[in-house]
Amino acid sequence: MSTAEPRPLSRTRRVRFRPYNVVFPARRQAPGHRRALMPSADIRIALVHLGCARNLIDSETILGRLGAQGYAVTGDVAQADVAVLNTCSFIGPARAESERWIRDLLAAKRRRQLRGVVVVGCLPQKFRADVERKFPQVDAFLGLSDYSNIARVVEEVLKGRKVRDGAGGRAVQGQVEGPRWLQTPRSYAYMRPSNGCDHDCAFCIIPAIRGRQRSKPLEVAVAEAQSLVAQGVREIVLVAEDSTGYGTDFGPGGPRLPDLVEAMAAVEGLRWLRVMYAYPNAFPWRLAQVMRAWPNVVPYLDIPIQHISTPVLRRMRRGGSRDSVERTLLRLRQEVPGITLRTTVLLGHPGEGVEEFEQLLQWLAEFRFERLGAFAFSPEAGTPAGADPERCSADEAQERVRRVLEQQARIHAEHQRARVGRVVEVLVDGRERADALARTQADAPEVDGLVRVADAAGTLTAGDLLSVRVTAAEGYDLRAEPCLSSAPA
């Protein structure tokens, strides 16, 4: 997307502990833009996005590829000629949601509301034979790629031609992303420093979908950050299957995550830089030094521990132990003053009996994470844990999730109440009636709370940075008023 082109400012999506699902809003073509493939200016594409922030980058890339060839993008499937569905298949419920969307889109095609349905992403990457058998009416299945040929695929579908396997583009490596039409507010954008994962967690199929670790060269990642900032992005959120694994595929002497974060922090105009999805073992400790040294590297780290019981961690094949996890977390709190730690835990995994669960619940009550998500175990075929019968029922796993989240809600409320009366810097993401919807450095987009800043005059817009005084805590969110001496930056 060119820097001169207006960006859509979508309403902030509030999602906690579950994947989000949006149909992207329509994009207006730049004046005088010529269509490279299709002769008709009336062809419209609806892109339906499912899944995580990493998947969102793929969706933005697909939009960018289509837009570069002159296709118009609509937010209304009923007004589209072709629907492109970017799927998620991380766990069973995500695959079920993807398949529901396929059925709905094919029903629209049978009603002649659509001329074609293209299904891309994780689902056909891992389960292609199965979904081809279930949904033969789908016009094209594309696994993961750089989607450089997505516009050509749409053209072939419109001509009624079958699309061969692997037609979406080049395999994903450690290269720069394609042209992206950002679908986040101007305030932030996600950036992927690497693809894939070298861990072999017993419950996870991501390495089977995304492959092994492939990092972007440092100069490529920095150039991508510069491009995002040039488009007006104020905060970059680093997302990868394992952010702390960045550069391990470069070999000895190559750059690692601290080097990447330091180089990105030096990008002129980048106001906030946030690291998500850090792995608790073999933590790159120079990162703590970088976080202290650079004020735009926010003191926030998402570090999923999954569990605290050593036997359960071993069954999960997570490596490490309760002692090593505790040492990492306590050292982070010591070396990065005021750090906000976010984690996720997995309940009901094989080997987690009542004793192990109660141990985790008690430990979480004592450690008091500032931010936390909890998920129930989903047995995945082809994973070591998927066929392990030594586990509780699905209902019991959900009950354990409920208990963890109820406890965390009380802890979170106490953290929030402690902030009342303080002056904090916030970044505005959007608006809701008379309030600007903003976040502090302690809140990541999509998954954490908001600060509702009183702004009846409507002067605050997405991307504004300002100081506010917190006036109240309301559940997961805060209420605040702008400081009289603060003007949006």
Checklist entry - Once fully extended, how much extra length lies between residue 159 and residue 317, figured as 0.36 nm per residue of separation less the alpha-carbon to alpha-carbon distance? => result 52.0 nm
Item to check | Efficiency of FRET between residue 387 and residue 358 - r from beta-carbon atoms, R0 35 angstrom, step 0.05 | outcome: 0.85
Checklist entry - Got a sec? Charge dipole of the chain, +1 on Cβ for Lys and Arg, -1 for Asp and Glu; which of 428, 298, 254 is way out at the positive end? => result 428
Checklist outcome for this item: Gyration tensor on Cα atoms of the range 99-167, a ≥ b ≥ c root eigenvalues, a/c under 1.5 rounded, else prolate if a/b beats b/c, else oblate, says oblate
Item to check | Efficiency of FRET from Cβ geometry, residue 100 and residue 365, R₀ 45 Å, rounded to 0.05 | outcome: 0.75
Checklist entry - What does the highest-first list of 391-397, 79-85 look like by mean Cβ count within 10 Å? => result 79-85, 391-397
Checklist entry - Quick one: Debye curve from the C-alpha atoms of the range 188-417, no solvent, what's log10 I(q)/I(0) at q = 0.07, 0.08, 0.10, 0.17 Å⁻¹? => result -0.24, -0.31, -0.49, -1.28
Item to check | Three-way shape call for the range 423-482 based on the alpha-carbon gyration tensor, with the a/c threshold at 1.5 | outcome: rounded
Item to check | Principal semi-axes in Å for the range 355-489 [√(5λ), Cα gyration tensor, largest first] | outcome: 38, 17, 11
Checklist entry - Once every DSSP H run of n ≥ 4 in the chain is given -39500 (n - 2.57) and the sum is divided by its residues, what mean residue ellipticity at 222 nm do you get, rounded to the nearest 500 deg cm²/dmol? => result -9500 deg cm²/dmol
Item to check | Spin-label model distance (nm) - residue 406 vs residue 200, 7 Å beyond Cα toward Cβ | outcome: 4.0 nm
Item to check | Zone of residue 417's modelled label, taken as backbone nitrogen in the range 446-487 under 19 Å from a point 7 Å along Cα→Cβ | outcome: 449-450, 470-480
Checklist entry - Of 126/216; 126/162; 134/216, which ones are farther than 28 Å apart at the Cα? => result 134/216
Next on the checklist: Compute, for the range 275-369, the length of the dipole vector about the Cα centre, with Cβ point charges of +1 (Lys, Arg) and -1 (Asp, Glu) only. Units Debye, rounded to 20.
Outcome noted: 400 debye
Checklist outcome for this item: Note to self: Kirkwood Rh of the chain, Cα pairs, one decimal, Å, is 23.6 Å
Checklist outcome for this item: Percent of all alpha-carbon pairs of the range 49-123 at distances over 21 Å, whole number, is 27 percent
Next on the checklist: Relative contact order of the chain, please, whole-number percent, based on alpha carbon pairs below 8 angstrom and at least 6 residues apart.
Outcome noted: 11 percent
Item to check | Disulfide-incompatible cysteines by the Cβ rule (no partner under 4.7 Å) in the chain | outcome: 52, 88, 122, 197, 392, 483
Next on the checklist: Along its three principal axes, how long is the range 134-265 when you only count alpha carbons? Whole Å, largest extent first please.
Outcome noted: 50, 40, 24
Checklist outcome for this item: Rounded to the nearest whole number, the Stokes-Einstein translational diffusion coefficient of the range 201-311 at 20 °C and 1.002 mPa s (Kirkwood radius, C-alpha pairs) in µm²/s is 143 µm²/s
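Every read-out reported here was derived from the displayed coordinates using simple, explicitly stated rules and does not represent laboratory data. Quick caveat, the model's predicted, so the values are computed rather than measured. Cβ atoms come from the backbone with ideal geometry, glycine included; neighbour counts cover every protein chain shown.
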